[in-house]
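The values are calculated or read from the model by the stated rules, or taken from the named source; none is laboratory data. Note that this is a predicted model, so its numbers are computed, not measured. Note that we place each Cβ from the backbone using ideal geometry, even for glycine, and neighbour counts take in every protein chain shown. Protein only, heavy atoms only, side chains kept; ligands, DNA and RNA dropped before computing areas. Shrake-Rupley method; radii C 1.70, N 1.55, O 1.52, S 1.80 Å.
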Amino acid sequence: MAEAIELKAWSRGRTGTGGARAIRREGRIPGIVYGGSDEPLNIALETKEVSKQIQTGHFQSTVYMLDMDGTKIRAIPRDVQVDPVRDFPIHVDFLRLAKNAEIDVDVPVHFLNEGASPGLKRGGVLNVVRHEISLRCPADKIPEAIEIDLAGMEIGDSIHISAVTLPEGAVPTITDRDFTVATIAGRGGDDAGEEEEGAEEEATEEAEETKE
């Protein structure tokens, strides 16, 4: 279990557009901490430190300990607003985490042993339907990645979530179907094409439902 990463934070009294701009001029990013039994808390964080964490690629699946003048708040980022022109973070939302809390996170998928897949050796193509899998897991046991072994996979084979080994305590947030994670297709993409297309449509529909 990885320890929570500490981030220095400050309470900010002034809110609104003017207050946020003033915070950014100081080299900090405005944010908010919400959830739990406490009231939402307006905070500011060092821009360089937050940008550094975002560049890791798993900012929103990492638990942080926000240090506010000695007061520690355990939280996880839930949303990052980015400047549409200059592409840098301008606001961060954090969710407070109670003891033994369970949360939903998107965990990246890593594929292993591509060289041991007969299908890929014969010119097949790995079609990744889901680059991330949405899991519900203990906040203290968020996996960095889900590893899938491709050894022995042939052209036409599909990898469903039921065949994926998940960390202890983690379960998929999608429970009503055995969804596809990836397929091994032929060079022309004919093999397993229908299943792959259906899985991609399924993933798109889920994304649209989440936005609603």
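Quick notes on this structure:
- Matching residues in the range 110-159 - criterion: being of a type in the set (Lys, Arg), modelled with pLDDT under 95 and assigned to a loop (DSSP other than H, G, I, E, B): Arg122
- Filtered residue count, the range 55-102, keeping only those that are under 26 Å from Pro172 (Cβ atoms) and aliphatic (A, V, I, L, M): 8
- Any hit, the range 13-28, residues being among the hydrophobic types (A, V, I, L, M, F, W, C), closer than 14 Å to Phe94 by Cβ and either under 25 Å from the mean Cα position of the chain (by Cα) or buried (at least 16 other Cβ atoms within 10 Å of the Cβ) (or both): no
- Taking the criterion of being assigned to a strand (DSSP E or B) and open to solvent by less than 30 Å² (accessible area, probe 1.4 Å), the residues of the range 81-109 that qualify are Pro89, Val92, Phe94, Ile103, Val105, Val107, Val109.
- Number of residues in the range 29-65 that are open to solvent by less than 30 Å² (accessible area, probe 1.4 Å) and in contact (Cβ under 8 Å) with a residue 60 or more places away in the chain: the value is 9.
- Within the range 153-178, if we keep just the residues that are among the β-branched types (Val, Ile, Thr) and in contact with a strand residue (DSSP E or B) (Cβ under 9 Å, 6 or more places away or on another chain), the residue that is surrounded by the fewest Cβ atoms within 10 Å (Cβ to Cβ) turns out to be Thr165.
- Of all residues in the range 123-139 being of a type outside the set (Lys, Arg) and under 15 Å from the mean Cα position of the chain (by Cα), the one that is most open to solvent (accessible area, probe 1.4 Å): His131
- When restricted to residues that are open to solvent by 40 Å² or more (accessible area, probe 1.4 Å) and touching a helix residue (DSSP H, G or I) at 6+ places or on another chain (Cβ under 8 Å), the range 110-122 contains 3.
- Number of the condition not met by Pro77 [criteria: (1) surrounded by 14 or more Cβ atoms within 10 Å (Cβ to Cβ); (2) over 30 Å from Thr47 (Cβ atoms); (3) free of Cβ contacts under 8 Å to residues at least 40 places away in the same chain]: (2)
- Filter pass, Val107 being at pLDDT below 95, among the hydrophobic types (A, V, I, L, M, F, W, C) and closer than 23 Å to His58 by Cα: yes
- Considering each residue of the range 86-104 in turn, at least one proves to be at pLDDT 90 or above and closer than 30 Å to Ile184 by Cα.
- Meets criteria (under 21 Å from the mean Cα position of the chain (by Cα) and aliphatic (A, V, I, L, M)) for Ile54: yes
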